Amino acid sequence: MTGLPAHHPSWRRARSLARAAAGPALPGVPRTLEDALGHALAEPLTALTDLPPFATSAMDGWAVSGPAPWRLGERGVLAGERPAPLAAGAAVPIATGAPLPPGASAVLRREHGEVERSTSLLHLATPGALPEGHDVRPRGQECVSGEPLLPAGTGVTPAVLGLAAASGYDRLVVHRRPSVELFVLGDELLDAGVPRGGRVRDALGPLLPSWLRGLGAEVIGRHRVADRLAELREAVAHSPADVVITTGSTAAGPVDFLHETLRLLDAPLIVDSVSVRPGHPMLLAELPATADGRTRRLVGLPGNPLAAVAGTATLAAPLLRALGGHADPEPRSAVTAEALPGHPRDTRLLPVRTAGTGVAPLPYDGPAMLRGLALADALAVVPPGGAAAGDAVELLPLPTG
C-alpha cells in the first residue's frame, strides 16, 4: 500500500484502512483438527458424507415394524452395531444413536411402551397409533454428501471442529495465523513488584499477548525496548513477524522515537493518528519486506493502557483478522440504559457493563486506567457528542481468556 498517509481519519475510516492494509489473507495450510482451532477456514467446509450417515434412533426404546402389538426379540441394537433386518410385526430394543434395522418403521420410546411378559408382546402404553418415522433420525437429516456447510473465512471454533469431525474430516485447510512481535517501550516501566521511585508497572506486557491471540495472532515474542532510537530501530528492522506492535513512543515527546524510526527505515505511514478517544496518537505503517519477500506491517499503540486497548481495537483487530482470513464479524449493538459521555469531535471507545436490557458506562475510564475495563462487558462505540439514554450503540467484544 502506497500513497499519502491518512492523518486523523475517522474511527471507521481508520478500521477500513487497517483491513485494506492487510492485502490478501495469508496462505492456506493443512492442519489437524486439534491444531486448526482458532484459525479461519481457507476453503469452504463441504460434507464428505450424509449426516447422519444412516437412519438412527432418536431415543432409547424399541425399533418396531408395522402397527402394534409387536413380537419382542431378545437381542437389542446398540450404537456402533450393524443390525439384522426386522420382520413385519417384530420389535427389538434399541439405544439412542443406534442404526435403525432394515424393515423398521418407527421407534417407540421406552416410557411409551409396555411389555406383556407372558406373551413377550410389546404394546403401546396409551391408545392410538405410532406414526411411521416416529423418533427416527433419517439419513441425511442434517446434510447430504457434497452439501456446503460453512464458507471460507469462518473461524474454527470447538463447534466447527465437531462438525468437521462428524462430516469425516481429519484435517482442515486453514489460513496461517499472522505472526506478531510485541515491543513494549518505556524506561519508566517495571516488570515486577510495586511501583516505586517514579516508575510504574508494565501493564501492557501481560495484557496484550492474550488479547492478540484472541484476534487470531501467533505471538512469537514480547520484548522490552529502551527509550533509545538505535535500539528501537534495530528491533523493528530485524523483526521477522508479519505484524510488529509497539506500545508507547507514538506522540511527540522528548523520547518518542517511533516516527523517526519509521522515517529511517523508509517505512511509509498508512494511518497517522485517529479521531478516537482514548488513543488518538496511534499509527499504522508499512515496513520493509522480510528477506524472503513477506510483507510486514507495524501498529504503533499509545503507552497508556486503555489508550493502547483502543488502538488494538481500532487498528490491530481489523488488520490481524484480515491477514488471518477471518470474515468480518457481524456488528453487535445494544441500547444504552443511561447516557454515555462522548468527545465533542471524536468517536469514543468507552468501557460499559450490561445493565438490565441495556448497557451503562463504568467509572475509571481515563486513558491510563484499567479498572473500568476490568469490570466491562464490552467497549461501546460512542459517536461524537455522546449517546443519550435509549440510543443504540455498537459494541466491541472483549476477550475473556
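The values are calculated or read from the model by the stated rules, or taken from the named source; none is laboratory data. From a predicted model like this one, the values you see are computed outputs, not experimental measurements. Here the Cβ is made from the backbone with ideal geometry for all residues, glycine too, and neighbour counts use every protein chain on show.
Observations
- Residues (closer than 24 Å to ASP202 by Cβ, among the aliphatic types (A, V, I, L, M) and either in contact with a Pro (Cβ under 6 Å, 6 or more places away or on another chain) or modelled with pLDDT of 95 or more (or both)) located in region 248-273: ALA251, LEU258, LEU262
One line per residue, one yes/no per condition, for (1) under 20 Å from LEU215 (Cα atoms); (2) buried (at least 18 other Cβ atoms within 10 Å of the Cβ); (3) out of contact with any helix residue (DSSP H, G or I) (no Cβ under 7 Å at 6 or more places or on another chain); (4) in contact (Cβ under 8 Å) with a residue 40 or more places away in the chain:
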{"position": "ALA237", "(1), (2), (3), (4)": "no, no, yes, yes"}
{"position": "ASP242", "(1), (2), (3), (4)": "yes, yes, no, yes"}
{"position": "GLY279", "(1), (2), (3), (4)": "yes, yes, no, yes"}
{"position": "ALA289", "(1), (2), (3), (4)": "no, no, yes, no"}
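- Filtered by the rule that a residue be closer than 15 Å to LEU395 by Cα and surrounded by fewer than 22 Cβ atoms within 10 Å (Cβ to Cβ), region 350-360 gives ARG353, THR354, ALA355, THR357, GLY358, ALA360.
- Which listed residue is surrounded by fewer than 14 Cβ atoms within 10 Å (Cβ to Cβ), of a type in the set (Gly, Ala, Ser) and either in contact with a Cys (Cβ under 8 Å, 6 or more places away or on another chain) or within 21 Å of THR49 (Cβ to Cβ) (or both), from ALA159, ALA125: ALA159
- Selection from region 321-349 of residues that are over 17 Å from ASP391 (Cβ atoms), crowded, with 22+ Cβ neighbours inside 10 Å and aliphatic (A, V, I, L, M): ALA322, LEU323
- Residues located in region 168-190, provided they are more than 15 Å from ALA203 (Cβ to Cβ) and part of a strand (DSSP E or B): ARG171, LEU172, VAL173, VAL174, HIS175, SER179, VAL180, GLU181, PHE183
- Region 1-22 residues that are closer than 16 Å to THR250 by Cα, paired with ones that are exposed (fewer than 14 other Cβ atoms within 10 Å of the Cβ) and modelled with pLDDT under 95 (beta carbon under 6 Å, 6 or more apart): none
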